[in-house]
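Asks: Pasting in a structure now, in structure tokens, and then I'll have a few things to ask.
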Amino acid sequence: MTEKSKNTVNYSMRYEDDWIDEDDAPELTEADFNRVDLVWSVGDKQLNETEGKVAFQAALKEQNEHEAIELDADVIEWFKQKADGKNYKTYINNYLKELVQRDAYQVAL
């Protein structure tokens, strides 16, 4: 187990009435969602909600590397237009991630 995987933040929903077979689960209602308790944990350590949210945010930050790259102004403008001017940096990241996945898929063939 890697150091990073040991620090994975998990959360799950715990219900007052657990059932045995998920296929026999009743349809969820508004009342069901109102009685759910979130259980946060890091590894085997259970956390309260505040600690869990802080740990979750920290884990998200660990997953991203921040690297400065230079892009031509027309390239940035193209991405801004594609993203409707909102979160264009995230759009660039997702676009590049998809290209990497396509390339990996083609190499696997």
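Asks: Run the quick spin-label model on Lys61 and Glu27: label points 7 Å from Cα toward the beta carbon, then report their separation in nm to one decimal.
Replies: 4.4 nm
Asks: In nanometres, what is the gap between the two model label sites at Leu71 and Gln46, each 7 Å from Cα along Cα-to-Cβ?
Replies: Rounded to a tenth, the inter-label distance reads 4.5 nm.
Values quoted throughout were computed directly from the atomic coordinates according to the rules given, and no laboratory measurement underlies them. Since this is a predicted model, take the numbers as computed values, not measurements. Methodologically, a virtual Cβ is constructed for each residue, glycine included, from the backbone with ideal geometry; neighbour enumeration extends over all protein chains shown.
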